[in-house]
Amino acid sequence: MGLKAEEALDFDFEGFLGYLRSKTRVFMDVDGDQYYITHTDGYWRVQDCSKLNDKGRFTDCSELVATMPEIIELPWRDGKSIHDLFPGATFYESIQEGWEK
C-alpha cells in the first residue's frame, strides 16, 4: 500500500501497460472513486481505497488473478474492466514509504 502522488500520470493505454508492468502498482480515480491496482503476494488485484480492513489496508474489490493481462481485462466495476474504464480514468504514482525514487 503506497501513498498517492499529487500529480497525475500522463500516458496512452500502451504507456499505461508498460508503466504498470514496471511499477506493479498505481492509483486510479474513476468517477469520484479511488482504486489501487497492485501486484502483491503473487496476485494482481484492484482494491477500493474507501474501504479499509481491520489492519488498515485497502480492501480487494476484484478477484485475485495471476497475470497483469487478466487484471486489465477482468470485469470488476459494474461489469467494466480497467481497459474499459481507462479513457475516463486518471492515474497517479504510488509512492512507497521508505523507498527511493
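The numbers here are math on the coordinates, done by the rules we state, and not lab data. Note that the coordinates shown come from a computational prediction; the quantities given were computed from them, not determined experimentally. Glycine also receives a Cβ, built like all others from the backbone with ideal geometry; neighbour counts cover every protein chain displayed.
Table for the structure above
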item: Between the stretch 59-98 and the stretch 22-38, the Cα center-to-center distance that results, in Å; result: 6 Å
item: Separation of the Arg57 and Thr24 label points, Cα + 7 Å toward Cβ, nm; result: 1.4 nm
item: Helix-only [θ]222 nm of the chain, DSSP H runs n ≥ 4, -39500 (n - 2.57) each, per residue, nearest 500; result: -5000 deg cm²/dmol
item: Residue-count net charge about Val30 - beta-carbon cut-off 13 Å; Lys, Arg +1, Asp, Glu -1; result: -4
item: The stretch 28-94: GluC sites (Glu not before Pro) in DSSP coil with no more than 16 other Cβ atoms inside 10 Å; result: Glu63
item: Isotropically averaged projected area of the chain, using the convex hull of Cα atoms (one quarter of hull area), nm²; result: 6.5 nm²
item: Relative contact order [Cα under 8 Å, 6+ residues apart], the stretch 1-59, whole percent; result: 21 percent
item: Relative exposure of Val46, Val65, judged by other C-beta atoms within 10 Å (fewest first); result: Val65, Val46
item: Net charge over other residues, Cβ less than 13 angstrom from the Cβ of Gln47 (K, R count +1; D, E count -1); result: +2
item: Inter-label distance for Thr90 and Asp12, nm, one decimal - labels placed 7 Å from Cα along Cα-to-Cβ; result: 2.3 nm
